[in-house]
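The block underneath contains the structure these notes are about, expressed in structure tokens.
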Amino acid sequence: MSAVTSDESGVTELPSVLRPYGDQTGDGMVQVSFTLPMPNGKRAEGAALQLASRMGIEPALVVHAKAIGEGFTFFVVYGPVKHLVEPGLVEVVEREFPLLSGKEINTAIKRHLRRKLVVVGACIGTDAHTVGIDAILNIKGFAGEKGLEYHREVKVVNLGAQVLIPELVERAREEKADAVLVSQVVTQRDAHISNTTAMSAAFREAFPAGKVPLLVVGGPRFEEGSAGSLGVDRIFGRGTTPGEVASYLVHALVPQASVSRQSKGA
């Protein structure tokens, strides 16, 4: 198993197979955490080691065990695995649109859409975590980038937290929304999946074919590449910046702008 190298152009070349790194390169050491519904004690630690062994971590060491309520124990287990990682077989979703500056975003919308681009955003269901949606929509933004409200050619309607899906659909209709942005942080029992599929179904039922607003969802637990199965147009994961979202909206809703930008950069 060779080490990471760089070619003459400076591009990083990964070996065909990799092992996890703990104390020494290639030692295969990993650290995992989990909770068992057992009172803290020797039997619970034995059960944790049994689970680790069946996960392929052997020999395993319980490095942390703490009761987290009556009948539950949280564990951190450390040990080696024999599994290999093959980087060449990893599939990722590449960004298919250029990142635009604030000026380019405003110019593209004004020149090609000839009206303000309307975005309605919300956290749906019982989700009260507005940090994500606010980071994208509010003018203060995130990671040094201004939110969508900063762009003079974008009209933002932020509905906030715990918005019912029928309310979101109705408000999107009233505002004649071009895009609907939904943030889902609560993931217990896959609530983000069920909420998203219910939301997409509601929009497709309420709007004529071809008239459904662009449906965009974001959150830390969504899988890349699952947009189609969830019935939405785009999924953004953790670390997404307002500039990425704004650039995607221009790419998807103002296609002439994407073509002209690519021609200019060619």
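Placing one identical point scatterer on every Cα of the stretch 165-236 and ignoring solvent, what is log10 I(q)/I(0) from the Debye formula at q = 0.14, 0.28 Å⁻¹?
Each listed q maps to, in turn, -0.39, -1.41.
Return the inverse of the average 1/r over all pairs of distinct C-alpha atoms in the stretch 128-170, which is the Kirkwood hydrodynamic radius, in Å to one decimal.
Numbers: mean 1/r = 0.0897 Å⁻¹.
For the stretch 128-170, inverting the mean 1/r across all distinct Cα pairs yields 11.1 Å.
Which whole-Hz ³J(HN,Hα) couplings does the stretch 136-145 yield from phi under the Karplus relation 6.51 cos²θ - 1.76 cosθ + 1.60, θ = phi - 60°, glycine and proline marked x?
Those phi angles translate into 7, 8, 5, 4, 5, x, 7, 6, x, 10 Hz.
Given the rule -39500 (n - 2.57) for each run of at least 4 DSSP H residues, summed and divided by the residues of the chain, what is its mean residue ellipticity at 222 nm, to the nearest 500 deg cm²/dmol?
Working: 8 runs with 81 residues, N = 266.
After summing the helix terms and dividing by residue count, I get -9000 deg cm²/dmol.
Go through the stretch 235-248 residue by residue and turn each phi into a ³J(HN,Hα) via Karplus (6.51, -1.76, 1.60, θ = phi - 60°); whole Hz please, and just put x for glycine and proline.
Whole-Hz 3J(HN,Hα) from phi for the stretch 235-248: 10, 10, x, 4, x, 5, 9, x, x, 5, 5, 4, 5, 5.
Rounded to the nearest 0.05, what FRET efficiency do ARG114 and ILE139 have when you use their Cβ-Cβ distance and R0 = 25 Å?
On the way: r = 24 Å, r/R0 = 0.95.
After rounding to 0.05, the efficiency reads 0.55.
For a quick check, take a GNM of the chain with Cα springs below 10 Å and name the residue from VAL156, VAL245, VAL81 with the largest mean-square fluctuation.
Among VAL156, VAL245, VAL81, the largest GNM mean-square fluctuation belongs to VAL81.
5 Å is the cut-off here: which amide hydrogens, built 1.01 Å from N in the peptide plane, fall below it relative to THR73, excluding neighbours closer than 5 in sequence?
For THR73, whose amide H was placed from the backbone, the distant partners under 5 Å are LEU36, MET38, ILE68.
Taking the Cα centre of the chain as origin, work out the dipole magnitude from +1 charges on Lys and Arg Cβ and -1 charges on Asp and Glu Cβ, in debye rounded to 20.
Numbers: 28 positive and 29 negative charges, 194 e Å.
The dipole magnitude comes to about 940 debye.
Please compute the length gained on full extension between SER226 and LEU99, using 0.36 nm multiplied by the number of residues separating them and subtracting their Cα-Cα distance. Could you put the intermediate results ahead of the total?
Values: separation 127, 0.36 × 127 = 45.72 nm, distance 2.24 nm.
Between SER226 and LEU99, full extension yields an extra 43.5 nm.
Name the residues whose placed amide hydrogens come within less than 5 Å of the amide hydrogen of PHE236, ignoring near sequence neighbours (fewer than 5 apart) on the same chain.
Distant-sequence amide H within range of PHE236: VAL217, GLY218, GLY219.
Can you find, among LEU164, LEU148, LEU113, the residue farthest towards the positive end of the dipole of the stretch 87-175? Put +1 on the C-beta of Lys and Arg, -1 on that of Asp and Glu.
Value: LEU113.
Quick one: ranking TYR21, TYR248 by accessible area, 1.4 Å probe, largest first, what do you get? Intermediate results must be reported in sequence, preceding the final value.
Working: TYR21 145, TYR248 10 Å².
The ranking, largest first, comes out as TYR21, TYR248.
Before anything else, pin down the relative contact order of the chain: Cα pairs under 8 Å, at least 6 apart, normalised by residue count, whole percent.
On the way: 465 pairs, mean separation 41.0, N = 266.
After rounding, I find 15 percent.
Rank these residues by their accessible area, most exposed first, probe 1.4 Å: ARG171, ARG238. Mind showing how you got there, number by number?
Values: ARG171 80, ARG238 200 Å².
Result of the area sort, largest leading: ARG238, ARG171.
Considering only ALA48, ALA177, ALA161, give the residue with the highest GNM mean-square fluctuation for the chain, with springs between Cα atoms whenever their separation is below 10 Å.
The residue that fluctuates most here is ALA48.
With a cut-off of 8 Å between alpha carbons and a minimum separation of six or more residues, what is the relative contact order of the stretch 163-237 in percent? Kindly include the intermediate steps, with their values, before the conclusion.
Working: 90 pairs, mean separation 24.9, N = 75.
This gives 33 percent for the stretch 163-237.
Looking at the stretch 102-263 only, what percent of DSSP beta bridges run antiparallel? Nearest 5 please.
Percentage antiparallel, nearest 5: 5.
Starting at the first residue of the stretch 77-94, write each ³J(HN,Hα) from the Karplus equation 6.51 cos²θ - 1.76 cosθ + 1.60 with θ = phi - 60°, in whole Hz, x for Gly and Pro.
10, 10, x, x, 10, 9, 5, 10, 10, 10, x, x, 9, 6, 9, 10, 8, 7
Please state the shape class of the stretch 82-156: rounded when a/c is under 1.5, otherwise prolate if a/b exceeds b/c and oblate if not, all from the C-alpha gyration tensor.
Values: a/c = 2.60, a/b = 1.52, b/c = 1.71.
In terms of gyration-tensor shape, oblate.
For the stretch 19-80, calculate the relative contact order in percent as a whole number, restricting contacts to Cα pairs under 8 Å that are 6 or more residues apart. Provide the component values of the computation, followed by the final result.
Details: 119 pairs, mean separation 23.9, N = 62.
Result for the stretch 19-80 is 39 percent.
Rounded, prolate or oblate: which one fits the stretch 19-80, using the alpha carbon gyration tensor with axes a ≥ b ≥ c (rounded when a/c is under 1.5, else prolate when a/b beats b/c, else oblate)?
prolate
Would you mind calculating the gained length between ILE68 and ALA47 on full extension (0.36 nm times residue separation, minus the Cα-Cα distance), in nm to one decimal?
Numbers: separation 21, 0.36 × 21 = 7.56 nm, distance 1.64 nm.
Roughly 5.9 nm would be gained on extension.
Say R0 is 25 Å: what FRET efficiency, to the nearest 0.05, do ALA128 and VAL157 get from their beta-carbon distance? Each step should come with its number before you reach the end.
Working: r = 19 Å, r/R0 = 0.74.
Once rounded, the FRET efficiency stands at 0.85.
Once the whole set of protein chains is in place, how much accessible area is left on SER16, using a 1.4 Å probe, in Å² to the nearest 10?
About 90 Å², rounded to the nearest 10.
With springs connecting C-alpha atoms under 10 Å apart, model the chain as a Gaussian network and identify which of LYS211, LYS66, LYS140 has the largest mean-square fluctuation.
Per the Cα network of the chain with a 10 Å cutoff, LYS66 tops the list.
Between ARG171 and ALA206, what is the label-to-label distance in nm when each label sits 7 Å out along the Cα-to-Cβ direction?
So the label points at ARG171 and ALA206 sit 1.1 nm apart.
The values are calculated or read from the model by the stated rules, or taken from the named source; none is laboratory data. Note that the structure is a prediction, hence the values are computed from the model and not measured. As a convention, Cβ positions derive from the backbone with ideal geometry for all residues, glycine included, and neighbour counts pool all protein chains shown. Quick note on the areas: whole protein, heavy atoms, side chains included, nothing else; ligands and nucleic acids left out. Shrake-Rupley method; radii C 1.70, N 1.55, O 1.52, S 1.80 Å.
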